[in-house]
Amino acid sequence: MTAGRRWAIGAWLVLVATCIAVISRTSFTTDISAFLPRSPTPEQRVLVDQLREGVVSRLILIGIDGAPQEALAQASRRLAAGLRNHAGFVSVENGEDIGAAQDREFLWRNRYLLSDAVTPERFSAIALRERLEEYLRLLASPAGALARRILPGDPSGELLHILERFEGQARPARRNGVWFSPDGRRALLIAQTRAAGYDIDAQERALAAIRSAFAPAGAAEARLLMTGPGVFSVSTRATIRGDALRFFVIAAVLIAALLLAIFRSPRVLALALLPVATGAAAGIAAVSLGFGAVHGVTLGFGITLLGEGVDYSIYLLTQSAPGTAPQRALDRIWPTLRLGVLTSICGFSAMLLSGFSGLAQLGMFSITGLVVAALVTRWVLPSLLPPGFTAPAAAACGPWALAAVRRAPALRYPLLVMVVLAVAVLAAGRGSLWTDDLSTLSPVSRSAQLLDQQLRRDIGAPDVGHLVVIHAPQEDAVLQAAEAVGASLRGAARAGLLDGYESPSDYLPSRRTQQARRAALPDPAVLRANLERALAGLPYRREVFEAFLKDAAATKEMPFIERGSLRGTRLALRLESLLGSRYDGWVAMLPLRGVTDAAGIARQIAAPPGASAVMLDLKGESDRLYRTYRTEALTYSLAGAAAIVLLLLASLRSPQRVFVVLAPLTAAVLVTAGALVLAGFQLSIFHLVGLLLVVAVGSNYSLFFDRQAPSGWDRERTIVSLLFANVTTLIGFGLLAFSGVPVLHDIGLTVGMGALLALVFSAILSRHDGEGTARAAEGRNAAST
Amino acid sequence: MAIVNRPAASRAPAVLLLAVALGASPPVLAAAAADWGVEQLMQALAAVKSSKARFVERKHMAILNAPLESSGTLVYVAPARLEKHTLAPRAESLVLDGDDITITSSEPGQRRMLNLQDYPLIRAFVESIRSTLAGDLPTLTRFYEVELAGNERKWRLTLKPGEPGMQEVVREIRISGGSGSISAIETIETNGDRSVMTITGDGP
C-alpha cells in the first residue's frame, strides 16, 4: 500500500469518526413548518405563529360517524363528558348547552358595557318609546315568551342587540341536542388542548386520551375521526418515521440482494456499500452542522442517496477487469464518473438554494453525500478491493445487455413519437400544468388534508378567508384600534362589501369605550323620568321596569370588564383566539364574513396612530406565496440545467457531444412530465425538482453511453454497470413513490420514472450502433481523454 | 341554525324566535267510535289529512295592563306540515315542515329558517299541537303526560310537560274540541301568563 493510499484511508477514518461524533449530538425534528415556506411579511409570521402555537393550533376537530344518529349523539355526549375531566384539555364542545348559562350570565350582567348601541341618546324618552313599541309587537308574535322575560330588565334591548351581532357566526346544526354535520350523519366535537400544537408529544397524548375516552363511549360500529394541526403533527411524525424506516429497510435489503447476486461475495458487498454509507453519514453531519437539526423527511430522502451513491461503486466493481488492479478500471472510468458527479451536484444545487428549509436540507444532504461517496470510491475503495476482482454476474448479463442495446436504436421513431405526444400533452395542459395550492407542499398526506377540509366544512369552522390583523404596543391600544377598524367595517358592510365581522372588542371593549358607555347611562332620576314619558299611553305596567332602573344604576358602580371577567365562559376561548400578545406587542384579529370586495374593504380600513391594520386575503396570500416559491424553484432549476450544459460543454468540448448527452435526458424529462400530467397530477415544486434530478441522475447514463469504450469487453461491462446502477436508483427513488409524505412521493415518482426512461432513451439514441463501435472508438479515443 | 338572507336592518332577533310559542290547530272531523277514549280520539284526528282555519289569539301577560290580540289563518297538511299565518296586527308567517321552521315577516327580505332539533323547548311546544293533529300518541306522550276529559262531542286534552326544561316555562297546555274538531288551545305558563287561541273552522 502506497503512502498516498494510507493517507487516504487515514483521512477517511477521521471523517467517519467526525461524522459519528456530530450525528450523536444531532437533534432530529419532524416539525411540519420546515416544509412550509418561510414567511416573508410580519402578518404572515403572525399567522404562522398562530398555526404553530396559537389557539388554532390547539384545536382538534372530532367526527363520529357510521352508526345511527341517536347512538352517535350518545357517543358524542359520553366522549365529551370523559374529556371535560381530562387535564390535557382546556375545553370540549359538542353542542350541548354546557357553559351556555355562564355565557348568557356574562352577557346579561355586562350588557350595557358590551352593546355598541349604547349612547346617551339610546336612553332618551323618544328612543325608549320606540323600543317599547317594538317590544309590544314582539310580545304579540310567537317569540313573545322570551321577550317577556327580557323586557323588564332590558327595555332598551341591549342583550338582543348583542346577540344579533353574534348571530352571524357559523355554528354546526344540532340533532338530538349535539352538533351534527348538515347531512346528519356525523356527530361533531371541538376539543382544545392545553399544550401548543407544536408540542407533538403532548398532542400525541391528547389524541390517545380521545381514543381511550371514545372506546367505551362509542357504539361498536361507530368510527372516530380526528383532524387539526396537532393531529397532523403527530401523524406526520409517525408517517415520516414509519416511511423512513420501512423504505430504508426495504431499499437496503433489495440493493444488498442485488449486489450480492452481482458480486457473489459478502466482503465485496460490504465494500460496495462503503462509499454510500460514508456519504450518508457525511450528509447527515453536514445538515446537522448547517441547519442545527435534521428533519425526518431528509432521512427518508437518504434512501434515494443509497440508490444513487451505490452506483459509483457499481461502476468501479463491475468494470474491473480480471487480472488487473482495480485502480486501472478506476483510472479508465474516473473522468466520466467525475463529470457525472459534477452534473448531479449542479442538479441538487437547485434544491440547496430553495426557500424551503426542508428542500434545502435535502439538497445539502444529497450533495455532501454524493461528493463523499465519489471521493471514497476514488481514493479508498480501490486499495481495499481484492486484486483481480471481477463481477461474475456481469459476464452472464453482458451479451444479453449488449444485444439489447444494439437493437435499441430501432426504437428511435417510436421515441420521437412519444416525445411529440408528451410535448402535445404539456402544451394542451399548459394553463393548468402547475398547482397553485400551497397545501401540496405540506408533508401532510392528501387524504388527511381532504378529511380536514370535510370536517371543517361540516363544523362550519371559522372560514379564515379574509382577516384584518391589527398590531399595537398595548392590549388596550389594540382593542381601541379594533373598535376603530370595526367602525369602518360596519360602514363597508352597509355598502355591501361584506356581511359581517367578529372582533375581540365584541367580548372585551377597550377601557375608553367601556367608560363612554357607562357614562352614556343617565343618572337614575333622569332615566326614571325618561322611562315615565316613554311609557305614557302604552299598555305596560309601570312597576315592571324597576329591575331595569336598578340594573342601570348598578352598572354605574360596576367594575369594568377585563380579560379575567370572561373566565369560565366559552367566550373566553373566542377572545383568546382573536387577541394575543407577542414579543413586540399585541395582535388583534378580525375575521370577516361574506366578503364581496376585498380591495374595497382594504381601502376603507385604517388604524388609529400608533397601531397598524392590514387586511389579509389568506387564500390569495398563500397562493401568491406559493407562486413566488415556484418561480424561484423554476429559476433555480433552469439555472441548474444551464450549469449542467456549461459543465458538459467545458468538459466534452464539443457542442455535438453535449447535444448527444442531453438529447435522451431532455426526452426523458418531457416524457416523464407528460406522463405525470396525463396521469392527472398537477405538477408541484417537488415534481419540478424531481425533473431536474432526472437530468442530474440520468446524465451519468448518457455520459457513459457517450464515452468511447476502448474495447468490446469494456463497452459490454459499461452497459452492464449502467443497468445495475439504474436498478439501484430505481429501487431508491421508486420506493419513495409509495410514501404517504407528498414531498417524498412526488420526487420518488418523478425521478424513478425519469431515471428509467433516461437509461432506455440513452440506449435508443446511442450513436454506437455495434458495427461502428470499434472504428469510432479508435478514432476518438485520444480526443476524449 | 341556518339563516338565509340576513338583512342588515334591525329585525326581530333570532333568539326571540327561538322561543316560538306555537299555538295553532285547525278543526278536524272526528270519526265516531264506540268505547270512546284517547286512542279513538287520536285515530279520528289521524284520519284528517288536511285542514284550514281562522284563529284569534289573546295573550294575557303580567307585565301588561291589557291582553295582546293577534289573528290570522292556520293550515295543516298531514302528517308534518303546519302553517300559521298571522295577519294582524302585523303580517308574519311561520311554516313548520318536518323539523324545519321557516319564519317570514312582513318586512321585505326577512326570512329565517331553524331546525327543531336545535331547540328542544320549541320542539316540545310544536309537538303538543302537531302530534295532536296527526293523532300521534307515542310522540305526544314522549313530551307530555296526557289526560283526556269529556266526551266525543266535547273533549279536552290536558298536556303536562314531562321534561324539566319545559316544566320551567309551561305549566300545562289545554287543547279542547267538540264534534271532532279542535276549537281552542290554552297555554298556561308557570308565572301565570296565559294565551288562548280560539279556532273557527273554515272548512277542510
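Every number in this text was worked out from the coordinates using simple rules, so none of it is lab data. Note that the coordinates shown come from a computational prediction; the quantities given were computed from them, not determined experimentally. When we count neighbours, we look across all protein chains shown, and the Cβ atoms used for this are built from the backbone with ideal geometry, even at glycine.
In the protein assembly as shown, the calculated helix contribution to ellipticity at 222 nm averages -18500 deg cm²/dmol per residue, counting -39,500 (n - 2.57) for every DSSP H run with n ≥ 4. Residue-wise HN-Hα couplings along the range B:62-71, as the Karplus relation 6.51 cos²θ - 1.76 cosθ + 1.60 with θ = phi - 60° gives them from phi, are 5, 7, 10, 7, 10, x, 9, 10, 9, 8 Hz; Gly and Pro carry x.
Amide H contacts of B:Glu172 (H built 1.01 Å from N, in plane; Pro and chain starts excluded): B:Ile188 sit under 5 Å, all sequence-distant by 5 or more or on other chains.
Within the set of other residues whose C-beta is less than 15 Å from the C-beta of A:Ile333, count the net charge using Lys and Arg as +1 and Asp and Glu as -1. Net local charge, A:Ile333 excluded: +2.
Under 5 Å from the amide H of A:Ala321 lie the amide H atoms of A:Ala329, each residue being 5 or more positions distant or on a separate chain, with H modelled from the backbone and absent for Pro and chain starts.
Quick one: net charge around A:Trp12, please, counting Lys, Arg +1 and Asp, Glu -1 for every other residue with C-beta under 15 Å from its C-beta. Taking every Cβ under 15 Å from that of A:Trp12, the sum is +3. Taking all Cα pairs closer than 8 Å and separated by 6 or more residues, the relative contact order of chain A comes to 20 percent. Remark: the range A:734-740, residue by residue, has Karplus-estimated 3J(HN,Hα) of x, 4, 4, 4, 8, 6, x Hz, where x stands for each Gly or Pro and the curve is 6.51 cos²θ - 1.76 cosθ + 1.60 at θ = phi - 60°. Length gained on full extension, A:Arg541 to A:Ala487, computed as 0.36 nm times the residue gap minus the Cα-Cα distance: 15.7 nm. Shape class of the protein assembly as shown from the Cα gyration tensor (axes a ≥ b ≥ c, square roots of the eigenvalues): prolate, since a/c reaches 1.5 or more and a/b is larger than b/c.
Each DSSP beta bridge with both residues in chain A is either parallel or antiparallel, and the antiparallel ones are about 95%. For the range A:244-258, putting each phi into the Karplus relation 6.51 cos²θ - 1.76 cosθ + 1.60 with θ = phi - 60° gives couplings of 4, 5, 4, 5, 4, 5, 4, 4, 4, 5, 4, 5, 4, 4, 4 Hz, in residue order, rounded to whole numbers and with x for Gly and Pro. Under 5 Å between amide hydrogens, built in the peptide plane, is the criterion, and for A:Ser91 it picks out A:Gln192 among residues at least 5 positions away or on other chains. So what is the relative contact order for the range A:599-756, in percent, with contacts set as C-alpha pairs under 8 Å and at least six apart? Computed over the range A:599-756, the figure is 22 percent. Would you kindly state the longest site-free stretch of chain A, with sites defined as GluC sites (Glu not before Pro) in a DSSP loop (not H, G, I, E, B) surrounded by at most 11 other Cβ atoms within 10 Å? Result for the longest clean stretch: A:222-770. Charged neighbours of A:Leu566, selected by a Cβ distance under 12 Å, balance to 0 (K, R count +1; D, E count -1). Between rounded, prolate and oblate, where does the range B:149-194 land on the alpha carbon gyration tensor, with a ≥ b ≥ c its root eigenvalues, rounded for a/c under 1.5, else prolate if a/b exceeds b/c? Prolate, because a/c is 1.5 or more and a/b exceeds b/c. Straight-line cross-link reach from B:Lys59 at under 29 Å between alpha-carbon atoms covers these lysines, not counting any fewer than eight positions away in the same chain: A:Lys550, B:Lys84, B:Lys154, B:Lys160.
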